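> Handing you a structure now.
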Amino acid sequence: MDLRRPPRSSSSGVEPKIRQVGFFTPDASAPSEPLPPAAAVPAPSAKQGASAGTPPASDDLSPGRLSPIADYDSWSRAPSAAELEENKRGLAEIRNEGAPASIPQKQKTSKAERRAIQEAQRAAKAAAKEAGKSAGAASSAGPVTSKQAKSAKNAQKKDVPQAASTVASEKKVNERLPERERKLDAPHPRMQFDDVHKVEKAKKRAVVNQSEARNRVELFRHLPQYVHGTQLPDLESKFFQLEPMHPSVYKVGLQYLSGEVSGGNGRCIAMLLAFREAIKDYTTPPNKTLSRDLTAKISSYVSFLIECRPLSISMGNAIRFLKNRIAKLPHTLSESEAKASLQSDIDRFINEKIVLADKAIVSHAITKVRDNDVLLTYGSSSVVEMILNYAHELGRKFRVIVVDSRPKLEGQGLLRRLVAKGINCTYTHINAISYIMHEVTRVFLGAASILSNGTVYSRVGTASVAMVAHAFGVPVLVCCEAYKFHERVQLDSICANELGDPDVMLKVPGKADDHLKNWADNANLQLLNLTYDATPHDYVSMIITDYGMLPPTSVPVIVREYRKEQLWI
């Protein structure tokens, strides 16, 4: 041990009880005291250094001031009980040096004292109430009731944190309102028919008795697959037994089942006219409001129509329009006035969104028809037929190619009507589309709906026609009313579709032999009759609507802007 080294001691003269190990930087704010010179401090002897019971303490742990190895011999022995107690006291003193003053605890009161305090508070409240009543009787400007005085007193007691929390909660509620409104406007999820429990519940409340098909297509098990041909006779027998169902709605359901009413516009107009008759004959039951009870009635009618045939997207938009008008009826209107208002709204929707919209589409599309054009259309679309008839009335010289497909063969009816008007026509089936496309100058197609991503949802086969036309460089023009636009996004024809009767595929005109007569008995054979398909926007050149001509990429703009203004939804 170096005897020339001065002993290490703390700056305060008190030997610390805790030895700190490591390197640290002293606090700059603390006043630094000069160390005593080495000559002024007596050097300890070797005996004293060896016999020291505790290790030398110092708060200077620089590398040059570490204790020598010889001092570690004194650390090997166990400390005594007195030393441990003294170290604990010293540690408590060091911890309490920089601690803030503790909060004084509330003095405990006895039960009698607490009771006296409560009695005093009650007496003060009663006096305040009496003072408020007397002041309210004396003042003529505005009487202040005891409840208002109590609320004012409670408002004064509120502190700043409570007010801040109230503002924050109101802000959160205001932020949640748009999300809640979006959830209300979102379409209801479609029923999955591969869920056994949901199907059983739907059967119990169903009006139409439907039996599931034996040979169901596995890929489309989520869609309803029933045995066709048995529902119509069953419904006809129940015509006078269904009291809650309005006769006009019941008649439209029978027309849907028989196929007498078809097409997007035709089905929508028939449904709205049936609802108009039902509203005309409606009477509000006692102890019920018109808006709530009529909405429930409309919902029951819609459920019945869905059992007859799944709704189209345009029909869903029309139903939402009607329910929105019912919900916004003023409460001051009488029953007759409310019913008259709803009937006029239905007439205005049919006139503006369907009839006048078709005329606007014709006025836009006629600019794309020129002399010596060869126009191709698929199936039978009412608005495309109006375009061709108007172009013929204007004296345009053109030829029409009508492409058709089994099993409905809708193009044959269109062909008869066009030939009767004197229009030059050619008729072919869809399997020959690639052989005649090189003659075509433009393709006009109808649509059941146009989705938010520009996908055209139309009769099955439309996608094939559009893709062949795109391959040949022929422009594809899709004519669709704006009320058929929908915010849904769909990428395929599997997740949402409608399955037709598979038995109609067995009927081939001109052939009497039916080789698949008992096809249902073969468990390995399934027949699929899809009704719609989805055409990607890449194969569509232009969409002609009642608001003008636009590319498929601009469909979300119409969906957003016109929905916001409540013009068509």
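The values are calculated or read from the model by the stated rules, or taken from the named source; none is laboratory data. The shown structure was predicted, so the numbers you read here are calculated from the model rather than taken from an experiment. Here the Cβ positions follow ideal geometry from the backbone for every residue, glycine too, while neighbour counts run over all protein chains shown. Accessible surface is based on the protein model in full, side chains and every heavy atom, while ligands, DNA and RNA are left aside. Shrake-Rupley method; radii C 1.70, N 1.55, O 1.52, S 1.80 Å.
> Could you tell me which of the residues Arg442, Arg417 is open to solvent by 10 Å² or more (accessible area, probe 1.4 Å) and either touching a strand residue (DSSP E or B) at 6+ places or on another chain (Cβ under 9 Å) or without any contact (Cβ under 8 Å) to a residue 12 or more places away in the chain (or both)?
Working: Arg417 fails: either touching a strand residue (DSSP E or B) at 6+ places or on another chain (Cβ under 9 Å) or without any contact (Cβ under 8 Å) to a residue 12 or more places away in the chain (or both).
On inspection, the qualifying residue turns out to be Arg442.
> Something else: In segment 284-298, which residue that is β-branched (Val, Ile, Thr) and outside any loop (DSSP other than H, G, I, E, B) is least open to solvent (accessible area, probe 1.4 Å)?
At the first step, the residues of segment 284-298 found to be β-branched (Val, Ile, Thr) are 284, 289, 295, 298.
From what's left, outside any loop (DSSP other than H, G, I, E, B): 295, 298.
Details: Thr295: 40, Ile298: 1 Å².
Once the filter is applied, the top-ranked residue is Ile298.
> Only one of Val489, Val476 is modelled with pLDDT of 90 or more and hydrophobic (A, V, I, L, M, F, W, C). Can you tell me which? Show your work before the answer.
Working: Val489 fails: modelled with pLDDT of 90 or more.
Being modelled with pLDDT of 90 or more and hydrophobic (A, V, I, L, M, F, W, C) holds for just one of Val489, Val476, which is Val476.
> Next up: Of these, Ser314, Ser334, which one is among the polar types (S, T, N, Q) and under 30 Å from Ala447 (Cβ atoms)?
Working: Ser334 fails: under 30 Å from Ala447 (Cβ atoms).
The conditions single out Ser314.
> Tell me, please, whether a residue that is under 18 Å from Lys484 (Cα atoms) and in contact with a Ser or Thr (Cβ under 6 Å, 6 or more places away or on another chain) can be found in segment 384-400.
Among the residues of segment 384-400, at least one is under 18 Å from Lys484 (Cα atoms) and in contact with a Ser or Thr (Cβ under 6 Å, 6 or more places away or on another chain), which makes the answer yes.
> For segment 497-551, enumerate the residues that are of a type in the set (Gly, Ala, Ser) and closer than 24 Å to Leu477 by Cα.
Listed by number, the residues that qualify are Ala534, Ser541, Gly548.
> Here is a follow-up. Quick test for you: out of Ile494, Ile436, pick the one residue that is open to solvent by 20 Å² or more (accessible area, probe 1.4 Å) and under 25 Å from the mean Cα position of the chain (by Cα).
Numbers: Ile436 fails: under 25 Å from the mean Cα position of the chain (by Cα).
Checking each option against the conditions leaves just Ile494.
> May I pose another question? Only residues that are more than 20 Å from the chain's Cα centre (by Cα) and open to solvent by 20 Å² or more (accessible area, probe 1.4 Å): list them for segment 311-328, please.
If the condition is that a residue be more than 20 Å from the chain's Cα centre (by Cα) and open to solvent by 20 Å² or more (accessible area, probe 1.4 Å), then Leu311, Arg325, Ala327, Lys328 are the ones that fit.
> Under 6 Å by Cβ, and 6 or more places apart or on different chains, what pairs join a residue from segment 209-220 that is at pLDDT 80 or above with one that is open to solvent by 30 Å² or more (accessible area, probe 1.4 Å)?
Cβ pairs passing all conditions: Val217/Gln526; Val217/Leu528.
> Note down all Cβ pairs under 9 Å where the first residue falls in segment 303-324 and is more than 22 Å from Ala534 (Cα to Cα) and of a type in the set (Lys, Arg), the second is open to solvent by 10 Å² or more (accessible area, probe 1.4 Å) and in a helix (DSSP H, G or I), and they're at least six residues apart or on different chains.
That search, which allows pairs on different chains as well, returns Arg320/Asp185; Lys323/Thr295; Lys323/Ser299.
> Something else about it: Somewhere in segment 398-405, is a residue out of contact with any helix residue (DSSP H, G or I) (no Cβ under 7 Å at 6 or more places or on another chain), over 28 Å from Ser314 (Cα atoms) and free of Cβ contacts under 8 Å to residues at least 40 places away in the same chain?
The first filter runs over segment 398-405 and keeps only residues out of contact with any helix residue (DSSP H, G or I) (no Cβ under 7 Å at 6 or more places or on another chain), leaving 399.
Narrowing further to those that are over 28 Å from Ser314 (Cα atoms): 399.
Going one step further and asking which of them are free of Cβ contacts under 8 Å to residues at least 40 places away in the same chain, we end up with 399.
Yes: one or more hits.
> Check every one of the strands (runs of 3 or more DSSP E) wholly within segment 477-563 and list those with 2 or more residues that are within 19 Å of Glu410 (Cα to Cα).
Working: elements: 532-535, 542-545, 548-550.
Filter on segment 477-563 gives 532-535.
> Give the number of residues within segment 363-409 that are part of a helix (DSSP H, G or I) and open to solvent by less than 10 Å² (accessible area, probe 1.4 Å). Working first, answer last.
Residues of segment 363-409 that are part of a helix (DSSP H, G or I), as a first pass: 363-368, 382-393.
Then drop every residue that is not open to solvent by less than 10 Å² (accessible area, probe 1.4 Å), which leaves 365, 383-384, 387-388, 391.
Count: 6.
> Out of all the residues in segment 344-379, which are closer than 14 Å to Leu272 by Cβ and basic (Lys, Arg)?
Arg348, Lys353
> Looking at segment 257-283, which of its residues are more than 18 Å from Ser380 (Cα to Cα) and open to solvent by less than 30 Å² (accessible area, probe 1.4 Å)? Steps first, please.
Going residue by residue through segment 257-283, those that are more than 18 Å from Ser380 (Cα to Cα) are 257-258, 270-283.
Of everything in segment 257-283, those that are more than 18 Å from Ser380 (Cα to Cα) and open to solvent by less than 30 Å² (accessible area, probe 1.4 Å) turn out to be Ala270, Met271, Leu272, Ala274, Phe275, Ala278, Ile279, Tyr282.
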